[in-house]
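Participant: To start, I am sharing the structure in question, which I have written as structure tokens.
Derivation of every value follows stated rules applied to the coordinates shown; laboratory data play no part. No experiment lies behind these values; they were computed from the predicted model shown. Reconstructed Cβ throughout: ideal geometry from the backbone, glycine too, with neighbour counts over all protein chains shown.
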Amino acid sequence: MDTHSTISISFEKGVGADSRGMIKGNRQVTVLSIESWKEALATIDSDADWTTRRANLLIEGIDLEHSDNKILTIGNVQLEIKGILDPCGRMDEQVSGLTDALKPRWRGGVKCKILNEGDINCGDIVKIS
């Protein structure tokens, strides 16, 4: 996993050049909130980095629970939230107990469909509607 302070979102390549982004559908972009990540880690006494989850984007200040079909705006990019991003058992290969810690309250994040292309920058305003 690489982290970036600026990343392009495109219909052709998703986030940067993520292979899942090239799939036309409901999982072009995955989004995790830092608050949910920290909440999950607290239940298993871990300090793992958020990149362990392998989500495309990390946001702050937005509760993603039950947000399906809402529009997530990050800077000038709009994403349609298509539902919960269920954690797979491979999370436990990274941190013991992580799979179950991510299940409640949509802690594992959401999957999204790209509505418009653009660049996302660290510090961009994030809104949900």
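Participant: If packing is taken as the mean number of other Cβ atoms within 10 Å per residue, what is the order of 88-94, 9-15, highest first?
Facilitator: Result, highest mean Cβ count within 10 Å first: 9-15, 88-94.
Participant: Taking amide hydrogens as modeled 1.01 Å from N in the peptide plane, which residues meet the under 5 Å criterion relative to K82, leaving out close sequence neighbours?
Facilitator: N69, K111, C112, K113
Participant: Then there's this: Apply the Karplus curve 6.51 cos²θ - 1.76 cosθ + 1.60, θ = phi - 60°, to the phi angles in region 84-89 and return the couplings in whole Hz, x for Gly and Pro.
Facilitator: Coupling constants for region 84-89: 5, 9, 5, x, 8, x Hz.
Participant: Return a whole-number percent for the relative contact order of region 24-129, with Cα pairs under 8 Å and 6 or more residues apart as the contact set.
Facilitator: The normalised contact order for region 24-129 reaches 38 percent.
Participant: Here's a follow-up. List, in order, the whole-Hz ³J(HN,Hα) value for each residue of region 108-113 obtained from phi through the Karplus relation with A = 6.51, B = -1.76, C = 1.60 and θ = phi - 60°; use x for Gly and Pro.
Facilitator: Here the 3J(HN,Hα) series is x, x, 10, 9, 9, 9 Hz.
Participant: What does the highest-first list of 32-38, 42-48, 64-70, 104-110 look like by mean Cβ count within 10 Å?
Facilitator: The densest-packed peptide leads the list: 104-110, 32-38, 64-70, 42-48.
Participant: Full-extension gain between D49 and K113, please, as 0.36 nm times their residue separation minus the C-alpha to C-alpha distance.
Facilitator: Answer, rounded to one decimal: 20.5 nm.
Participant: Looking at the chain, what % of its DSSP beta bridges pair antiparallel, to the nearest 5?
Facilitator: 90 percent
Participant: Using 0.36 nm per residue of separation minus the Cα-Cα distance, give me the extension gain between D100 and N121 in nm, one decimal.
Facilitator: Details: separation 21, 0.36 × 21 = 7.56 nm, distance 3.12 nm.
Using 0.36 nm per residue and subtracting the Cα-Cα distance, I get 4.4 nm.
Participant: Please turn the phi angles of region 48-54 into ³J(HN,Hα) values with the Karplus equation 6.51 cos²θ - 1.76 cosθ + 1.60 (θ = phi - 60°), one per residue in order, whole Hz, x for glycine and proline.
Facilitator: Calculated HN-Hα couplings, in order: 4, 6, 4, 5, 4, 6, 6 Hz.
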